[in-house]
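Values quoted throughout were computed directly from the atomic coordinates according to the rules given, and no laboratory measurement underlies them. This is a predicted model, so every value here is computed, not measured. Methodologically, a virtual Cβ is constructed for each residue, glycine included, from the backbone with ideal geometry; neighbour enumeration extends over all protein chains shown.
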Amino acid sequence: MIQLTKLNGKTFSLNALYIETVESFPDTTITLTNGRKYIVKETEEEVRKRVTEFYRTIQVLSNPHLRGDEDEE
C-alpha cells in the first residue's frame, strides 16, 4: 500500500497493484483497474516513486525478467 493525500488534505492508503494509469491534468489523477479515479496532491513523479518502492518492498521487482535484466538466469 502507498500513502497518498486527497485534495482536501486527508491521507489514505491505496493498493498500488490496482493502479492502471497516473496522469497530470494538472492535478495528479490515478485510475485503478476497476475504473475508479483518485485525485491526489502528490505529483505524478512522486506517485511513481512510491509505487516503485512498494513493488520493491513486496519483491515484485526481484524477478530479473520483470526488471528487464534479460541476461540473468
>> Please compute the length gained on full extension between Ser24 and Lys37, using 0.36 nm multiplied by the number of residues separating them and subtracting their Cα-Cα distance.
In response: 3.4 nm
> Under the definition of Cα pairs under 8 Å and six or more residues apart, what whole-number percent is the relative contact order of segment 1-62?
Replying inline: 28 percent
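For the pair Arg48 and Ser13, what calculated FRET efficiency results from E = 1/(1 + (r/R0)^6), where r is the Cβ-Cβ distance and R0 = 22 Å, to the nearest 0.05?
0.80
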